[in-house]
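What follows is a set of notes on a single structure, which appears directly below.
The values are calculated or read from the model by the stated rules, or taken from the named source; none is laboratory data. These figures come from a predicted structure and were not determined experimentally. Backbone-built Cβ (ideal geometry, glycine too); neighbour counts: all protein chains shown. Just the protein is used for accessible areas: all its heavy atoms, side chains included, with ligands, DNA and RNA removed. Shrake-Rupley method; radii C 1.70, N 1.55, O 1.52, S 1.80 Å.
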Amino acid sequence: MSPFFIPFHIGFLLILALKIHLVMKIISYNVNGIRAAINKGFFSWLTAVDPDVVCLQEIKAMPEQLPLEEFEKAGYPYNFWFPAGKKGYSGVAILSKHKPDHVEYGTGIEHMDFEGRNIRADFGDLSIMSLYMPSGTNAVRIPHKYMYMDDFQNYISQLRNERPNLIICGDFNICHQALDIHDPVRCARVSGFLPQEREWLGMFLDNGFVDSFRHFNKEGGHYTWWSNFANSRENNKGWRLDYALVSEPLAGKMQRSVILKEARHSDHCPVLLEIDHSPSPDSSGILAR
């Protein structure tokens, strides 16, 4: 027998071991209107970046208003849409190359679900949620945002009893730390950087989540949203509002998390998370490429 001969069963196990340690690519993107993003080359960008799962926020459209066949052609035959009750407003979606075991539309909390704020897809023991948190644009919406924050915390605390391996991707409409915003002094009284909002996000993380981008990058000057005024994007006067939060049981599987600032289909840019999705032998989870 050749010293280089590998028995078939051993070779098969080696191949299997390599396969189950591949990386799953997840993108979170507030597109500020999916139809407008499509007109700006969204599909070409999507096929070039080639993620496994895409969490969209602020889709501002009903499914019947969209070219769903184009999403399939781009490689996402499994696309799930949860629009707001009000047309042209809010809404979230998940695009996937792989068929999930279950899709949860909303949270069962009326004020959240009417505005199309949450959708979740389960792949085996892994759950991925797309979230669009309300902004506090005026005196009426700030209390509404605080109500959402409290209700969402309670909802997630209960959900994690059933789905502990949870990734929450989305626009939280909050900058957590001073290095997440271009001018922390002048913006200290602006919703999105109010002390109560920042404290809530800090407590949310402390209750069992990891900010994937900050896990790999501790520097300032990295943002995901810019105002459309005063050349804010060109001058990098931005806010980091978009996150991929990973529950602690998955933290050791994170491979990379970056902001894709070159994408320009929206006033936001996407966040990419790469995570090792190695299902257990009795799991029905997908195998990433």
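Please state which one of L46, L16, L22 is surrounded by fewer than 16 Cβ atoms within 10 Å (Cβ to Cβ) and at pLDDT 55 or above.
On the way: L46 fails: surrounded by fewer than 16 Cβ atoms within 10 Å (Cβ to Cβ); L16 fails: at pLDDT 55 or above.
None of the other options fit; the residue is L22.
In segment 118-140, the residue that is modelled with the highest pLDDT out of those that are farther than 25 Å from P249 by Cα and surrounded by 14 or more Cβ atoms within 10 Å (Cβ to Cβ) is P134. Against the numbered list (1) of a type in the set (A, V, I, L, M, F, W, C); (2) out of contact with any Asp or Glu (no Cβ under 8 Å at 6 or more places or on another chain); (3) open to solvent by less than 10 Å² (accessible area, probe 1.4 Å), V271 comes up short only at (2). Restricting segment 204-253 to residues that are more than 22 Å from F152 (Cβ to Cβ) and charged (D, E, K, R), which is most open to solvent (accessible area, probe 1.4 Å)? The residue in question is K218.
The residues on offer are A36, A74, and the sole one that is at pLDDT 95 or above, closer than 23 Å to D122 by Cβ and over 19 Å from the mean Cα position of the chain (by Cα) is A74.
Under 24 Å from M129 (Cβ atoms), at pLDDT 90 or above, assigned to a strand (DSSP E or B) and open to solvent by 40 Å² or more (accessible area, probe 1.4 Å): does that describe K60?
Numbers: under 24 Å from M129 (Cβ atoms): yes; at pLDDT 90 or above: yes; assigned to a strand (DSSP E or B): no; open to solvent by 40 Å² or more (accessible area, probe 1.4 Å): yes.
So K60 does not fit the description; no.
Once segment 165-197 is narrowed to residues that are closer than 15 Å to W226 by Cα and touching a residue at least 60 places away in the same chain (Cβ under 8 Å), the residue that is nearest to the chain's Cα centre (by Cα) is D171.
Annotation: of all residues in segment 89-136 being part of a strand (DSSP E or B) and among the aromatic types (F, W, Y), the one that is nearest to the chain's Cα centre (by Cα) is Y132.
Answer yes if at least one residue in segment 131-140 is touching a residue at least 60 places away in the same chain (Cβ under 8 Å) and within 19 Å of F80 (Cβ to Cβ), and no otherwise. Yes, the conditions are met somewhere in segment 131-140. Quick one: how many residues across segment 152-187 are open to solvent by 40 Å² or more (accessible area, probe 1.4 Å) and among the hydrophobic types (A, V, I, L, M, F, W, C)? Of the residues in segment 152-187, 3 are open to solvent by 40 Å² or more (accessible area, probe 1.4 Å) and among the hydrophobic types (A, V, I, L, M, F, W, C).
Checking Y223, Y243 one by one, the residue that is in contact with a helix residue (DSSP H, G or I) (Cβ under 9 Å, 6 or more places away or on another chain), within 22 Å of K25 (Cβ to Cβ) and either part of a loop (DSSP other than H, G, I, E, B) or without any contact (Cβ under 8 Å) to a residue 24 or more places away in the chain (or both) is Y223 and no other.
Please verify whether S232 is under 14 Å from C55 (Cβ atoms), not aromatic (F, W, Y) and not in a strand (DSSP E or B), treating the condition exactly as stated.
no
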